[in-house]
Amino acid sequence: MLFLAYFSFLLSFLSIFLNISHPPGMRGKSISYYEDPSNAILIGLIQLLIGVFLYYYAKKTKKKELEEKISICPKCQDSFEYDRLDEGRCKNCQDEKTIDIKEYYKNN
Ligand SMILES: [Zn+2]
């Protein structure tokens, strides 16, 4: 998802600053340019908006995933909400890295 956002930013940049409507290799065509430069700006802005939307959507989805993630410490078997931990380290056993609870039960 984040990749698509960056791709939209790239297309937007090509449209607005370089007047390119299709980068080489896209849809099997060679590089093509907008015939009307005002179309380039308009389409570039739309691509920019799509990029921004995709970027925030991707970030939000990622954040939600982390909030819902439960991890477990392999040492003391205690489980935690992942986003309350400091870089995923167990609160009881200082430097012990906790692991995703789904992964944990898959392997044990
Ligand atoms: Zn622990």
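For residue 70, the amide hydrogen comes within under 5 Å of the amide hydrogens of 82, 101, counting only partners 5 or more places away or on other chains and with H modelled in the peptide plane. Annotation: amide H-H contacts under 5 Å for residue 21 (H modelled 1.01 Å from N, sequence separation of 5 or more, or interchain): 32, 33, 34. List the equivalent ellipsoid semi-axes of the chain in whole Å, largest first, each obtained as the square root of 5λ for an eigenvalue λ of the Cα gyration tensor. Value: 47, 14, 10 Å, ordered largest first. Each Cα pair under 8 Å and six or more residues apart adds its sequence gap; the mean of these over the residue count of the chain is a relative contact order of 21 percent.
The long axis of helix 37-68 is offset from the longest Cα principal axis of the chain by roughly 10 degrees. Taking the longest Cα principal axis of the chain as reference, the axis of helix 2-18 is set at about 20 degrees.
Values in this text are rule-based calculations from the coordinates and carry no lab data. These figures come from a predicted structure and were not determined experimentally.
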